[in-house]
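The values are calculated or read from the model by the stated rules, or taken from the named source; none is laboratory data. The structure displayed is predicted, hence computed values, not measured ones. Every residue, glycine as well, gets a Cβ built from its backbone with ideal geometry; the counts of neighbours run over all protein chains shown. We work out accessible area using only protein heavy atoms, side chains counted, and drop any ligands, DNA or RNA first. Shrake-Rupley method; radii C 1.70, N 1.55, O 1.52, S 1.80 Å.
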4 protein chains.
Amino acid sequence: MRIAFLGLGAMGAPMAKNLVAAGHDLTVWNRSAARTEGFTALGARVAATPAAAAREAEVIITMLADPPAVAAVLTGPDGVLATARPGAVLVDMSTVRPEDSRRFAALAAEKGLGWLDSPVSGSVGAAESGQLIALVGGEAADLERARPALSAMCKEIHHLGPAGAGSTVKLAFNLMVGVQVLALAEAAHLAAAGGFDRQKFLALAAGSVIGSPIVKLKAPAMAAEDFTPAFALKLMKKDMALAVQEGSQLGVPLPTAAAALQSYVAGVGAGLGDLDFAAIYRVLQGA
Amino acid sequence: MRIAFLGLGAMGAPMAKNLVAAGHDLTVWNRSAARTEGFTALGARVAATPAAAAREAEVIITMLADPPAVAAVLTGPDGVLATARPGAVLVDMSTVRPEDSRRFAALAAEKGLGWLDSPVSGSVGAAESGQLIALVGGEAADLERARPALSAMCKEIHHLGPAGAGSTVKLAFNLMVGVQVLALAEAAHLAAAGGFDRQKFLALAAGSVIGSPIVKLKAPAMAAEDFTPAFALKLMKKDMALAVQEGSQLGVPLPTAAAALQSYVAGVGAGLGDLDFAAIYRVLQGA
Amino acid sequence: MRIAFLGLGAMGAPMAKNLVAAGHDLTVWNRSAARTEGFTALGARVAATPAAAAREAEVIITMLADPPAVAAVLTGPDGVLATARPGAVLVDMSTVRPEDSRRFAALAAEKGLGWLDSPVSGSVGAAESGQLIALVGGEAADLERARPALSAMCKEIHHLGPAGAGSTVKLAFNLMVGVQVLALAEAAHLAAAGGFDRQKFLALAAGSVIGSPIVKLKAPAMAAEDFTPAFALKLMKKDMALAVQEGSQLGVPLPTAAAALQSYVAGVGAGLGDLDFAAIYRVLQGA
Amino acid sequence: MRIAFLGLGAMGAPMAKNLVAAGHDLTVWNRSAARTEGFTALGARVAATPAAAAREAEVIITMLADPPAVAAVLTGPDGVLATARPGAVLVDMSTVRPEDSRRFAALAAEKGLGWLDSPVSGSVGAAESGQLIALVGGEAADLERARPALSAMCKEIHHLGPAGAGSTVKLAFNLMVGVQVLALAEAAHLAAAGGFDRQKFLALAAGSVIGSPIVKLKAPAMAAEDFTPAFALKLMKKDMALAVQEGSQLGVPLPTAAAALQSYVAGVGAGLGDLDFAAIYRVLQGA
């Protein structure tokens, strides 16, 4: 299958590699060309613009930082919509707001393109091993056309509803991830300030009723203060900000998410943005 | 073993029954005598005051609503400390602040009594089936003396450190429980307001990276809006308030816990206090 | 002076009337034509589109609900930028984010138009009496050209800096207004729950160290529970949401503003959106 | 009048001096004797214990750090209640919870003593110049007996209701003070991050609709980053914590106060506790 992949960040690069490894005919593009190095050797083509990458593709995948970045890559002067062939399917795997997804879906439809919003659950490790979970919004027929591409990157593919449904569920999930990990950090500091061994506490917590998979993953990281990025704190801040925006637009109060967002904002301000988001532990410490 | 059990609330009553069932020689007391009915038939004695209940006991267990209630039962005119025999062990299974536990431990020591703070993880169902988890602070020797009593009520007994350690860990755990369940409610409302099926969302969430045991337990309850109390919202409010107090005293900022506390306070104000704390779902709805 | 005025809401309508009253040659437009009624009788022209209104104007004023509304009126198919004459000055008096103002300023510059962001401090009463305070960002020369228009609506005109400066200061001011009034409501409920007379408390508070002009204005409204809208709660929610977004984008944690935003969101959800924002008092009550 | 004054902190010392200056017969006591130096030279007596200070007094004033400190001075082994003469009036000018005040009032009544809770509005400067504002709860007759003492320290004396009313109003006032000053800091950082001059912003804010007396006082302090303590940040943290406790006990959600408390807690953790509470400005900065 002829696939264009736009956005070779920490997540995007390993996802694109899995597409090549699965035998797809891949063209990649990235805003800074440095990150495209190595893809030629793998057998992929490198395009100079989103428009050039999209021209011949059957499936066009975007994996970008935020809604304005997706808008620019799709609708900009050298954007995807300028060249994509009718019948191709756009698959946006970035985390954006549902309203962004619906707006992009409408633009795609005007050009005769299919649309899926398909943000993923899972971080860098899962991207490398092709074990991501796709949360898909859009038409079932478009999903069937894009499935060979998604299957090369994801172990589970959930079709959740029409355009926007994938983004809705992704924001709601990340809200909970961001809050659970901050609450874990609060509890660990409270236990430590009360004289209890922090590492012992984190191990106990992971084995308790609040021990979700994400807590089990991040508790040892906090215990060791090893914040090698799997999902960068600045990206968690961005996703929490989108969730809080969405809540205020839809009329849903989000008290813990809004409080957590301020801590992630403080974390970026304190220079922790490129560490894993579990480094939120340090914000409470330093503060 | 001769055991006194003080406080026959929703948790205390089934815990006391498990002590009788295990063959212990039990004397019970409760502030309102109505809740002692039925214990005579089971073979327990009913005492008119904490002092009377404690007089002959080897192990004296308190399971009460809050720190002032424990203080009253221990130090009041007809309180436990007036009659308890040197060598007996006080076991406070209530959720209180670590400083309360340390203060009570010191009072116990003055009278030659042992002390354990042993709040439990688990709610009404686990109390009935003897499957609670004990979080124990105090001397190892005191724990050994009280172990036969604890074993009749708990499937796991964790000795966590000196007096206060049990209370420290319990508050930190409940903080996370209260925050996780509120964040689940926020996410469910956000998904629903975005047009996604609420019940489908809650099922997805329980199976995702944030699906801790408590989330797996409460997600179906929220989906069904079945808030039969396992752990009453007003008690969660009380525990969150103790955690927030403890944080401000120890100098630990607790941004998500403090925000969550305000929602639980609002829940009590909205008349939801006697429902299960998962009814926090309705606070966001009604608001 | 030939002036176009776009957006005849609760604030815009009296502002436009003051322009006619000052003798300006006015053309008005509003999305729903019903609100233009009566302007013909006053001597103004009514245009069918923003483009038609702007065609001959020297100063083009927008007073709209939110950033997307301003974007649509400026850049839409029948928008202002399609017809405005080079040399005219766009004056956006809506409350938007600084980045919106800078983006609109750049679009204006491309067409040879001047730009001012000039949100106002003051609510309906001040709009009617021409006593608003203009917070102006943009070039000094553009301000001089637009001054006759602004002077007809405002008692004070503060030139704060380049494009975006007006919006920056406006958001920061409204953040404080929203927080102060919610904190007043919190304190009044706390005093009332403690048995103190609510009306007496509000009068005392207004005369105390926290008695700012906005507190002195809203305390009697809360005491009387008279929430006739001067500034609608839904608009306060919108402005607080813009401030919180701006904070998370610029890396500034806004703990009280983010918490307050959730209460205003809850207020809109509880059906209070069209009342004055002092009705936030009822959110704490009902909750 | 024979007066005992217990607690010679930053506020208490100048208050006691004003009592001597007004010609009262004063006996002072302080936990650390160092702070009593100089009082002999002024003509006051220095007592070794609260009991000794209170023995002959007609009015006994406490100005202490927190509820446990007041409890210890009143009810401890060498406490006031051990020696105070029936008919004397206890005047607690500390900031405590209304329930504390009511409990102390009941203890005083048992000994035949009068009671006033009379926390004050105003900080060190007002204490020095005798310009405090007394917020009084208790019986009118007790106030009349204590009035000569209060008049030497206060420019205004408000009788607000029965025992506890003074504490209720004080906590509600301080809640608003703490929130207003943090919101000012948030807005100033937001404006500064948006490129606007911080000092100019703070001056504008003080002159705007949110310019309360406390904002007008603290805005120049923030502009100059001069945090010479008038009211220490650690004391503001303590008062906010009491207000949040009171709210959760009475069932009043306090969203902005609870969020602000976490910032003041972080401020103490960051070593700012002994600076003026306007140094909360630095918590947002550093974070």
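Give the residue that is surrounded by the most Cβ atoms within 10 Å (Cβ to Cβ), with candidates limited to residues of region C:251-286 that are over 22 Å from the mean Cα position of the chain (by Cα) and within 14 Å of D:Leu190 (Cβ to Cβ).
Ranking the candidates gives C:Pro255 first.
State all residues of region B:86-100 that are open to solvent by 10 Å² or more (accessible area, probe 1.4 Å) and either in a loop (DSSP other than H, G, I, E, B) or among the small types (Gly, Ala, Ser) (or both); if no residue qualifies, say none. Explain how you work it out, then say what you get.
Just the residues of region B:86-100 that are open to solvent by 10 Å² or more (accessible area, probe 1.4 Å), to begin with: B:86-87, B:95, B:97, B:99.
B:Pro86, B:Gly87, B:Thr95, B:Arg97 - these are the residues of region B:86-100 that are open to solvent by 10 Å² or more (accessible area, probe 1.4 Å) and either in a loop (DSSP other than H, G, I, E, B) or among the small types (Gly, Ala, Ser) (or both).
Any residue at all in region B:191-202 that's under 20 Å from A:Ala183 (Cα atoms), within 11 Å of chain A (Cβ to nearest Cβ) and either without any contact (Cβ under 8 Å) to a residue 60 or more places away in the chain or small (Gly, Ala, Ser) (or both)?
no
Which one of D:Arg103, D:Arg45, D:Arg2, D:Arg55 is open to solvent by 50 Å² or more (accessible area, probe 1.4 Å), of a type in the set (D, E, K, R) and within 30 Å of C:Ala191 (Cα to Cα)?
Selected residue: D:Arg103, the only one of D:Arg103, D:Arg45, D:Arg2, D:Arg55 that is open to solvent by 50 Å² or more (accessible area, probe 1.4 Å), of a type in the set (D, E, K, R) and within 30 Å of C:Ala191 (Cα to Cα).
Taking interchain pairs and intrachain pairs at least six residues apart, which have beta carbon atoms under 9 angstrom, with the first residue in region C:145-169 and more than 13 Å from chain D (Cβ to nearest Cβ) and the second among the acidic types (Asp, Glu)?
That search, which allows pairs on different chains as well, returns C:Arg145/C:Glu58; C:Ala146/C:Glu58; C:Ala149/C:Glu58.
Every residue in region C:70-85 that is closer than 23 Å to A:Gln249 by Cβ and buried (at least 19 other Cβ atoms within 10 Å of the Cβ), please. Walk me through it before giving the result.
So the first thing to find is which residues in region C:70-85 are closer than 23 Å to A:Gln249 by Cβ, and the list is C:70-76.
Of everything in region C:70-85, those that are closer than 23 Å to A:Gln249 by Cβ and buried (at least 19 other Cβ atoms within 10 Å of the Cβ) turn out to be C:Val70, C:Val73, C:Leu74.
Among (1) more than 8 Å from chain A (Cβ to nearest Cβ); (2) open to solvent by less than 10 Å² (accessible area, probe 1.4 Å), where does B:Ala188 come up short?
(1)
Do we have A:Phe173 as part of a helix (DSSP H, G or I), without any contact (Cβ under 8 Å) to a residue 24 or more places away in the chain and buried (at least 24 other Cβ atoms within 10 Å of the Cβ) here?
No: the conditions fail for A:Phe173.
May I ask you to say which residue of D:Val70, D:Val59 is farther than 20 Å from D:Arg2 by Cα and touching a strand residue (DSSP E or B) at 6+ places or on another chain (Cβ under 8 Å)?
Only one candidate passes the filter, namely D:Val70.
Pick from region A:206-216 the residues that are at the interface with chain B (Cβ under 7 Å from one of its Cβ atoms) and either within 20 Å of A:Ile280 (Cα to Cα) or in contact (Cβ under 8 Å) with a residue 60 or more places away in the chain (or both): which of them is most open to solvent (accessible area, probe 1.4 Å)?
The extreme case among them is A:Pro213.
Test each condition in (1) in contact with a His (Cβ under 8 Å, 6 or more places away or on another chain); (2) surrounded by fewer than 21 Cβ atoms within 10 Å (Cβ to Cβ); (3) closer than 19 Å to D:Asn18 by Cβ for D:Val136 and report the one that comes out false.
Evaluating D:Val136 over (1) in contact with a His (Cβ under 8 Å, 6 or more places away or on another chain); (2) surrounded by fewer than 21 Cβ atoms within 10 Å (Cβ to Cβ); (3) closer than 19 Å to D:Asn18 by Cβ leaves (2) as the failure.
Do any helices (runs of 4 or more DSSP H) lying entirely in region B:6-69 carry at least 3 residues that are within 26 Å of B:Ala243 (Cβ to Cβ) and touching a residue at least 12 places away in the same chain (Cβ under 8 Å), and which ones are they?
Passing ranges, in order: B:12-21.
Restricting attention to region D:217-228, which residues are surrounded by fewer than 23 Cβ atoms within 10 Å (Cβ to Cβ) and either in contact (Cβ under 8 Å) with a residue 40 or more places away in the chain or among the hydrophobic types (A, V, I, L, M, F, W, C) (or both)?
Those that are surrounded by fewer than 23 Cβ atoms within 10 Å (Cβ to Cβ) and either in contact (Cβ under 8 Å) with a residue 40 or more places away in the chain or among the hydrophobic types (A, V, I, L, M, F, W, C) (or both): D:Leu217, D:Ala221, D:Ala223, D:Ala224, D:Glu225, D:Phe227, D:Thr228.
If only one of C:Ala127, C:Ala109 is assigned to a helix (DSSP H, G or I), within 14 Å of the chain's Cα centre (by Cα) and more than 14 Å from chain D (Cβ to nearest Cβ), which one is it?
When all the criteria are applied, what remains is C:Ala127.
In region D:46-68, is there at least one residue being of a type in the set (Lys, Arg) and out of contact with any Ser or Thr (no Cβ under 6 Å at 6 or more places or on another chain)?
We begin by selecting, within region D:46-68, every residue of a type in the set (Lys, Arg); these are D:55.
In the following step, the residues that additionally are out of contact with any Ser or Thr (no Cβ under 6 Å at 6 or more places or on another chain) were identified as none.
No, region D:46-68 contains no residue that is of a type in the set (Lys, Arg) and out of contact with any Ser or Thr (no Cβ under 6 Å at 6 or more places or on another chain).
Testing C:Gly247 on (1) within 12 Å of chain D (Cβ to nearest Cβ); (2) open to solvent by 10 Å² or more (accessible area, probe 1.4 Å), one condition comes back false. Which one is that?
Looking at each condition in turn, C:Gly247 falls short on (2).
For residues in region C:106-133 being of a type in the set (Gly, Ala, Ser) and closer than 18 Å to C:Ser151 by Cβ, which is most open to solvent (accessible area, probe 1.4 Å)?
Restricting to residues being of a type in the set (Gly, Ala, Ser) and closer than 18 Å to C:Ser151 by Cβ, the top hit is C:Ser129.
Among the residues in region D:258-272, are any of a type in the set (S, T, N, Q) and in a helix (DSSP H, G or I)?
Yes, some residue in region D:258-272 is of a type in the set (S, T, N, Q) and in a helix (DSSP H, G or I).
When you look at B:Glu37, is it surrounded by 16 or more Cβ atoms within 10 Å (Cβ to Cβ), within 23 Å of the chain's Cα centre (by Cα) and of a type in the set (Asp, Glu), yes or no?
no
Please tell me if A:Glu37 is more than 23 Å from A:Arg147 (Cβ to Cβ) and charged (D, E, K, R).
yes
Which residue pairs have Cβ atoms closer than 6 Å, lie 6 or more positions apart in sequence or on different chains, and pair a first residue in region A:229-245 that is outside any helix (DSSP H, G or I) with a second residue that is modelled with pLDDT under 95?
Listed pairs, sorted by first residue: A:Ala230/A:Ser123; A:Ala230/A:Val124; A:Phe231/A:Ser123.
Can you say whether B:Lys234 is more than 7 Å from every other protein chain (Cβ to nearest Cβ), open to solvent by 60 Å² or more (accessible area, probe 1.4 Å) and more than 26 Å from B:Leu132 (Cα to Cα), as far as the supplied structure shows? Break it down into steps so the answer makes sense when it comes.
Working: more than 7 Å from every other protein chain (Cβ to nearest Cβ): yes; open to solvent by 60 Å² or more (accessible area, probe 1.4 Å): yes; more than 26 Å from B:Leu132 (Cα to Cα): no.
Against the criterion (more than 7 Å from every other protein chain (Cβ to nearest Cβ), open to solvent by 60 Å² or more (accessible area, probe 1.4 Å) and more than 26 Å from B:Leu132 (Cα to Cα)), B:Lys234 does not qualify.
Against the conditions (1) in contact with a strand residue (DSSP E or B) (Cβ under 9 Å, 6 or more places away or on another chain); (2) modelled with pLDDT under 95, where does A:Ala270 fall short? Just the number, please.
(1)
Going by the structure shown, is C:Ala219 touching a Pro at 6+ places or on another chain (Cβ under 6 Å) and either more than 7 Å from chain D (Cβ to nearest Cβ) or in a helix (DSSP H, G or I) (or both)?
The answer is no for C:Ala219.
Give A:Ala72, A:Ala34 a once-over and let me know the one that is under 19 Å from A:Asp117 (Cα atoms) and of a type in the set (Gly, Ala, Ser).
So the residue among A:Ala72, A:Ala34 that is under 19 Å from A:Asp117 (Cα atoms) and of a type in the set (Gly, Ala, Ser) is A:Ala72.
Checking the conditions here, which among A:Leu19, A:Leu26, A:Leu64, A:Leu8 is open to solvent by less than 60 Å² (accessible area, probe 1.4 Å), of a type outside the set (Phe, Trp, Tyr) and within 21 Å of A:Gly164 (Cα to Cα)? Spell out how you get there, then give the answer.
Details: A:Leu19 fails: within 21 Å of A:Gly164 (Cα to Cα); A:Leu26 fails: within 21 Å of A:Gly164 (Cα to Cα); A:Leu8 fails: within 21 Å of A:Gly164 (Cα to Cα).
So the residue among A:Leu19, A:Leu26, A:Leu64, A:Leu8 that is open to solvent by less than 60 Å² (accessible area, probe 1.4 Å), of a type outside the set (Phe, Trp, Tyr) and within 21 Å of A:Gly164 (Cα to Cα) is A:Leu64.
Listed residues A:Val252, A:Val179; which is in a helix (DSSP H, G or I) and either facing chain B (nearest Cβ under 8 Å) or under 14 Å from B:Ala172 (Cβ atoms) (or both)? First the steps, then the outcome.
Working: A:Val252 fails: in a helix (DSSP H, G or I).
The match here is A:Val179.
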